[in-house]
Each structure stands twice: as structure tokens, then as C-alpha cells.
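Okay, structure first, notes after.
The values are calculated or read from the model by the stated rules, or taken from the named source; none is laboratory data. As the structure is a prediction and not an experimental result, all values here were calculated from the model. Backbone-built Cβ (ideal geometry, glycine too); neighbour counts: all protein chains shown.
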Amino acid sequence: MRIVYHLGAHCTDEERLVRCLLKNRATLADQGILVPAPTRYRKLLRDTAVQLKGAAATVETQSMVLEQIMDEDSAERLILSWDSFLSFPQWVLRGTIYGFAGERIRAFTQIFPQIEAEFHLAIRNPATFLPALFDKQKAKTHAEFMEGCDPLSLRWSTVVAQIVQQNPGVPLTIWADEDTPLIWPEVLAAVSGHAPGTKLDDTDELLALIISADGLSRMRNYIAKHPPETPAQQRRITLAFLDKFARPDRVEMAFSMPDWTADMVAAMTETYLDDIAQIRAMPGVTFLSA
């Protein structure tokens, strides 16, 4: 068995991935892919990791935890999704982003030291990630939220490096949240590991947020008559319909943070693109591209 950890991050898919996989759990179960309800494992894993304090669980503890997560005796893949695997939202930004990501993930995988692991992570431009994360805070001022952190210094590559260093040999798949509407079928396939040709239901939730209802209906009809044979063809179709039917209020990001200027946002975006190039080149990392 392999345990698949979908790590978020916060303010990316907002639970859409796990919701879609849960809707298709019967289809996936036929292939030995289990998608348990998050209520069965999130608090359980958190409490177990705290009790272990970084130590490897015994065989007995591992078996006990698995019995609470899954009803089946065995599986090919067990999918666990939680955007707080890396950190709780209020602690994401402490001088850097997810400063203890590698150590924290290692603590979770130590619950299952004898089972192979696999990680999946969406990253997002800090220029939009920080405002979205700030909106999740409770009663924090902007100054308290930033804690003196320089937004221009933030790098996802440092987060990725931590995860790789603390969890050597564990496959890590990454994608940019901005690309997700175009590569959603590939993201679902990468996380679930389902067989080629598997048909999943209700895979349009994300696209429905940014395209008009009429556009989505027309795209579905077009695909029904002209099924794409490759992911690249699927992306071209999606791009064509987005170009004509995208909802401007959803694709044009509007946000504000005190003291941010247009030049600063542009610099953060350029740094983010450079950071993506660095992540792509990291050993052990697979980057899904649009």
C-alpha cells in the first residue's frame, strides 16, 4: 500500500480535490484506491503525531490508526487530504512561509513508517496567496499577520527543499494553483493514481467558478461530440472556451494589502515565476504544467 498525502496548500483548491474524489470513491475503490472521509483521519493523525513527538510509531499503533481510517483490509492507495498538513493557517507566515513544513510532514509520515508515502502540493503566487491567507485570520492586524516578513523574500522553493530533505526518497508532485483549471484532470489523476481512461463524475466544479454557465454547457456538449484524446487537447479546448466565456469577475484577481504597490506586486510575480523554474529543476520533484 502507498499513502498519498495531498498537502494543500491553503487558499488553493479549497477542498475541491477531496470532494471530487469522494464523489467518485466507488469507482476508485474498484481499483484499490481508498478515499476516506476527512473526519476519519484529520484529528486522529494530528493527535497521534503529537503523542509520538517525532518518533516512529510501533506496528501496533500503525495498525490501530489504519483500522480507524479504513474499513478494508488492504488497498493499493490510501488518499489523505488536508491543507493543514503543512501548518495551521495562523502559523503559515512566521518569517517565511511554512517554515516547519518538512519537519511537520515527517511527523505525520512517522505514523506509518513502514508504508510508502507520496506527496502532492499546489503552490500559489505570494502576491495573491498572502491576501487570501490574511482573509482567513481571526482578529489579526496586517502588521501582526506579516510579523515583519518581507513579502519579496518569500520562496516556495525553500518549502519544497524542506519537504524533500526531511522526507528523502518520497515522490513529490507540484503544480501552480493558477494553472489548476487547465490541468484539473491531470491533477486528479496524479493524486488518485487511477487507471488511464477512468471516467470521473463531477469534475467541473473548479471550471464552473470561472466560466459562464452557458459556456460550460457548450463546452460539455462539444467534448461529448469531440472527446479529447490527450491532456493537451483537453487543455486547448478548455482554453478556447475560457477565452470566449470566462467570467471577468472571477479570472481578474482583485486584492489589496496595506503599502503594496503595483510595482511590488509585479516584482513578487516575477520572483514567483523564477521560483517555479527552480522548483522544476529539483531532484525528486514532478511539476505538472499547463
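Things worth noting here:
- Selected residue (criterion: farthest from Lys136 (Cα to Cα)) from residues of segment 76-91 that are of a type in the set (A, V, I, L, M, F, W, C) and at pLDDT 95 or above: Leu78
- 2 or more residues touching a helix residue (DSSP H, G or I) at 6+ places or on another chain (Cβ under 6 Å) and at pLDDT below 95: qualifying helices (runs of 4 or more DSSP H) within segment 159-273: 180-192, 205-208, 213-225, 231-245
Rundown of residues vs (1) in contact with a Phe, Trp or Tyr (Cβ under 8 Å, 6 or more places away or on another chain); (2) at negative phi; (3) in contact (Cβ under 8 Å) with a residue 40 or more places away in the chain, yes/no style:
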position: Gln90; (1), (2), (3): no, yes, yes
position: Thr109; (1), (2), (3): yes, yes, yes
position: Gln114; (1), (2), (3): no, yes, yes
position: His120; (1), (2), (3): yes, yes, yes
position: Phe134; (1), (2), (3): yes, yes, yes
position: Ala139; (1), (2), (3): no, no, no
position: Phe145; (1), (2), (3): yes, yes, yes
position: Leu152; (1), (2), (3): no, yes, yes
position: Arg155; (1), (2), (3): no, yes, yes
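- A search for C-beta distances below 6 Å between a residue of segment 40-64 that is in contact (Cβ under 8 Å) with a residue 12 or more places away in the chain and any residue that is assigned to a helix (DSSP H, G or I) and surrounded by fewer than 16 Cβ atoms within 10 Å (Cβ to Cβ), counting only pairs 6+ apart in sequence or on different chains, returns Leu44/Gln68.
- As a summary of the residue check, Ala107 satisfies the conditions (1) in contact with a helix residue (DSSP H, G or I) (Cβ under 6 Å, 6 or more places away or on another chain); (2) modelled with pLDDT of 95 or more; (3) surrounded by fewer than 18 Cβ atoms within 10 Å (Cβ to Cβ) except for the one numbered (3).
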